[in-house]
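Enquirer: Mind having a look at this structure? Questions to follow.
Derivation of every value follows stated rules applied to the coordinates shown; laboratory data play no part. Here the structure is a predicted model, which is why all the values come from computation and not from measurement. Neighbour counts run over all protein chains shown; Cβ positions are idealised from the backbone, glycine included.
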Amino acid sequence: MRFSVLGSGSAGNATVLECGSTRILIDAGLSAKQLCLRLASLGIDPATLSAILLTHEHGDHVRGLRNFLKKHPTTIYATAETAHVVREQNIGEADWKTFEAGQEFTVNNLTVESFSIQHDAVDPVGYVVSNDSFRFGLLSDAGFVTSSVRLRLKNLSALFVEANYDEELLELDTKRPWSIKQRISSRHGHLSNVQVEDLIREIAHADLSQIVFGHLSSDCNCPKKVTSLFTTIIRELGHPTALHCASQAETTPWFEVAAPFRLI
């Protein structure tokens with residue numbers, strides 16, 4: 001299995017995961033043109049996608065969906081409530097597969113576990129995609145990490161997690177009004193570096209081979225700060241986990257997830 005983050009940030013989010021001939025796109029928040037260009041840069045023909053999974057209905061996660069589907073019809077998986085809201089955005093005809101948050105389903109040879117998260121959307125979810133050899137988790141746009149989410153993210157082989165803001169930088173930010181800062185830091189906003197640190201300390205283990213941090217605020221966080229913080233933590237924990245910060249402007253390299261995971 002391997003995965004790549006096509007782009008991550010307030011202007012658009014999308015991640016692609018590949019296992020054999022199965023290719024899953026998680027979110028389609030970049031423009032259709034950028035989705036196609038960035039997939040092509042990884043050697044993926046957009047027409048070969050097996051499915052698109054949506055985490056929630058916000059524009060930075062579905063912006064490119066309508067135009068992308070015009071040229072590349074693809075089965076879309078989303079909760080019923082998310083699907084209802086996205087359909088109202090004049091997406092057009094599409095092959096929708098709906099589920100309830102917490103349900104499990106399959107896409108070809110892969111098992112997809114959904115789990116509820118807290119965010120200011122109608123029914124937001126995170127995902128764990130797995131087979132007999134690996135577990136890849138994705139957690140983005142979640143204002144608070146519940147005990148249920150922590151449980152779902154145990155025993156991962158690789159993780160994409162948002163690290164949206166540094167608490168001090170958010171407090172010092174002069175561009176955002178107080179109300180926006182309150183929304184960002186609320187239980188239905190986004191995750192801070194401190195919250196992600198707490199999560200990593202709980203779920204990290206020797207077979208967690210890769211963590212990619214995403215959705216970094218351009219004003220209230222920075223890759224250097226995130227990399228420095230979590231490199232220290234991973235070294236302290238004594239694990240060989242590789243770290244990377246995804247950006248808005250470019251696609252990450254492929255991250256190979258080959259090592260088996262151990263139940264702990």
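Enquirer: Please report the relative contact order for the chain, taking Cα pairs under 8 Å with a sequence separation of at least 6, and give it as a percent rounded to a whole number. Let's see the in-between values first.
Expert: Values: 588 pairs, mean separation 50.4, N = 264.
Reported relative contact order: 19 percent.
Enquirer: Setting aside same-chain residues fewer than 8 positions from Lys225, which aspartates and glutamates have a Cα under 15 Å from its Cα?
Expert: Within reach: Glu162, Asp166, Glu167, Glu168, Glu197.
Enquirer: For the chain, build the charge dipole from Cβ charges (+1 Lys, Arg; -1 Asp, Glu) around the Cα centre, then report which of Leu39, Leu65, Ser186 sits farthest towards its positive end.
Expert: Among Leu39, Leu65, Ser186, the one farthest towards the positive end of the dipole of the chain is Leu39.
Enquirer: In region 1-94, which GluC sites (Glu not before Pro) fall in coil by DSSP and have 12 or fewer other Cβ atoms within 10 Å? Before the final figure, lay out the partial values.
Expert: Numbers: sites: Glu18, Glu57, Glu81, Glu88, Glu93; in loops: Glu57, Glu88, Glu93.
Filter output for region 1-94: Glu88, Glu93.
Enquirer: Measure off 7 Å from each Cα along the Cα-to-Cβ vector at Glu168 and Ser148, then give the distance between these two points in nanometres to one decimal.
Expert: Each label point is offset 7 Å from its Cα along the Cβ direction, giving 3.6 nm.
Enquirer: Next question. How big is region 112-264 on each of its three principal axes, counting only the C-alpha atoms and giving the largest first in Å?
Expert: Principal extents (largest minus smallest coordinate, Cα): 47, 33, 29 Å.
Enquirer: Let me ask something else. Size of region 33-132 along its principal axes in angstrom, Cα-based, largest extent first?
Expert: 37, 32, 21
Enquirer: Still on this structure: Give, as ranges by residue number, the residues of region 48-86 whose backbone N falls under 17 Å from the point 7 Å along Cα→Cβ of Leu37.
Expert: 63-65, 67-68, by backbone N distance to the label point.
Enquirer: Just to be sure I understand the curve: with the Debye formula and one point per C-alpha of region 74-181, what is log10 I(q)/I(0) at q = 0.18, 0.21 Å⁻¹?
Expert: The Debye formula, applied to the Cα set alone, gives -0.98, -1.15.
Enquirer: Over all distinct alpha-carbon pairs, what is the Kirkwood Rh of region 2-256 in angstrom?
Expert: Answer for region 2-256: a Kirkwood hydrodynamic radius of 18.2 Å.
Enquirer: Could you line up Val161, Val226 from fewest to most neighbouring Cβ atoms inside 10 Å?
Expert: Details: Val161 23, Val226 20.
Ranked by crowding around the Cβ, least crowded first: Val226, Val161.
Enquirer: In deg cm²/dmol and to the nearest 500, what is the mean residue ellipticity at 222 nm of the chain if only DSSP H runs of at least 4 residues count, each as -39500 (n - 2.57), divided by the residue total?
Expert: On the way: 9 runs with 75 residues, N = 264.
Rounded to the nearest 500, the figure is -8000 deg cm²/dmol.
Enquirer: Going by how many other beta carbons lie within 10 Å of each one, how would you line up Trp254, Trp178, fewest first?
Expert: Details: Trp254 13, Trp178 7.
Taking fewest neighbouring Cβ atoms as first place, the list is Trp178, Trp254.
Enquirer: Kindly put Val122, Val62 in sequence by how many other C-beta atoms sit within 10 Å of each C-beta, fewest to most.
Expert: Details: Val122 16, Val62 27.
Fewest-to-most Cβ neighbours within 10 Å comes out as Val122, Val62.
Enquirer: How large is the charge dipole for region 16-167, taken about the Cα centre, if only the Cβ atoms of Lys, Arg (+1) and Asp, Glu (-1) carry charge, to the nearest 20 debye? Walk me through the intermediate numbers first.
Expert: Values: 13 positive and 19 negative charges, 101 e Å.
So the dipole magnitude of region 16-167 works out to roughly 480 debye.
Enquirer: Turning to a different aspect of this structure: Find the centroid of the Cα atoms in region 1-73 and in region 101-146, then give the distance between the two in whole Å.
Expert: About 16 Å separates the Cα centre of region 1-73 from the one of region 101-146.
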